[in-house]
Structures are given as C-alpha cells and as structure tokens.
Amino acid sequence: MPSLSEIARDERTARMVLSMLVEPDDAATGHLLAAVDGVETLRLAESDDPVPGLGDVDAQVWRGHFAAPGVDSLGERLLHARRMGLGVLIPGDDEWPSSLGDLGERAPYALWTRGASSFLARPLVELVTLTGARASTSYGEHVAGTLTSDLAAAERIVVAGGAYGIEGAAHRAALVAGGDTIAVLANGVDRAYPAGHSELLGRVADVGLLDRQRGEDEQQGGCLAVG
C-alpha cells in the first residue's frame, strides 16, 4: 500500500486526504495546518518525528487517526471524486471564502463542491441562511417560499442544508424564482442526502452549489429560522 506522502504530493491532495481521514475541528490537525502545511502534516502522521505542539502521548493518539481502515481505500476514493468532477477549494484559492480565516485553527481543511463555487467568494452580506423544522407545516413552507422569493429578488444567495421541510422549501423557491442557492451537506457532495431530495439537490448543483463543510463553519451574512 502506498504511503500517505506518496498519495498526497501536493497541498490540495493532502487536504483532501485529511478531510477523508480526520474529523473536522480536530484541534491537533488544525494546529498543525496553521503551523506547517497539509503535505508536512501527513509526513508527520506517518513518521516518528516530534509533532509541533504535541507531547509524545498526544502525538501517538493523533497518529491513530491515520491507522483507520479508510487509509487502504484512499487512492480509490480520490479517483472516484475526480471521476465525479467534484471541486475542492483550499486556502489561497480565489474562491475560498475569506471569512473562514476568522475561524483560525478551526477552519475546514478543504471545501468539497459541486456547481458554482464562485458563489462562495461573494461578500457575506449577500448570503442568507434559511433554516427551520423538518416536520414543517404547510404555512411554514409558504412563509419560507415567500421569504426566499424576496431574497432572490434582492439578489441574495439563499443558503440551506437540503433537508426536508423548511430547507427544501427554500431551495425549491430559490430555483423557481431564478435565484441563487447553496446547499451545505453534512454527508458529502457525492451522494444526495436525504435520498428523497436527490432530484432537488441535483437541480441545485446544476444552477447553484452543493458544498460540504461543518455546520458551525457556515458563516453567512444572516440567518432566518421558520417552522
């Protein structure tokens, strides 16, 4: 099996690998990425060298992330992502959201995207998150649709999580109004979740953006919650 360093010879691939192996917001990994880069982080993960900022015991625990079964299939998973045409943004890319710099060591390792990743470079004031109950009422979905139509008319980007209920209503209303919308998915952009929204999320990817990142990292210009 090839080593991590052999698989990830550049920064983009290294961050892709980190996002596949390590949970988001891992303190040790975030600290290392801020101190060195992704390639060096992976080199440290498979070496016996001292890890900056970690004692011997903590370094051993951190290296345990890279002994998981998923390491064996990394090459196949990376190839699958490329075949699907998934986009990956890393710090320094033109479309990387500058606001993520406010998170410091808690910033995502990378952002996986399908669709118009240029939306992420738009000013924060142009992005509005709309969320609410999954088991929503018809009135709640009506209100969500009305709010979304108004936001689309004001040329705001509607951000939601693609879930049933209010979030699905927001995405649908944005598409009907000819507005821009981003679906932030917890389970990755290579599979539709929930499965019942496969068609909806496919339409979002065609004209908007599917993005995969942690919920706490969704720093948008505003947030509306309806039920």
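Values computed for the structure shown
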quantity	calculated
Test result for Glu76, more than 22 Å from Leu209 (Cα to Cα), in contact with a helix residue (DSSP H, G or I) (Cβ under 6 Å, 6 or more places away or on another chain) and surrounded by fewer than 16 Cβ atoms within 10 Å (Cβ to Cβ)	no
Filtered residue count, region 116-130, keeping only those that are closer than 23 Å to Gly165 by Cβ and touching a helix residue (DSSP H, G or I) at 6+ places or on another chain (Cβ under 6 Å)	2
Lone unmet requirement of (1) farther than 25 Å from Val189 by Cβ; (2) surrounded by 14 or more Cβ atoms within 10 Å (Cβ to Cβ); (3) at pLDDT below 95 for Leu4	(1)
Index of the failed condition, Ala174 passing every other in (1) out of contact with any strand residue (DSSP E or B) (no Cβ under 9 Å at 6 or more places or on another chain); (2) at pLDDT 95 or above	(1)
Strands (runs of 3 or more DSSP E) enclosed by region 96-202 - at least 1 residues per element that are in contact (Cβ under 8 Å) with a residue 12 or more places away in the chain and among the acidic types (Asp, Glu)	180-184
Some residue of region 187-200 being at pLDDT below 95, within 15 Å of the chain's Cα centre (by Cα) and hydrophobic (A, V, I, L, M, F, W, C)	yes
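The values are calculated or read from the model by the stated rules, or taken from the named source; none is laboratory data. A quick note: this is a predicted structure, and the numbers were derived from the prediction, not measured. Note: ideal-geometry Cβ built from the backbone for every residue, glycine included; neighbour counts use all protein chains shown.
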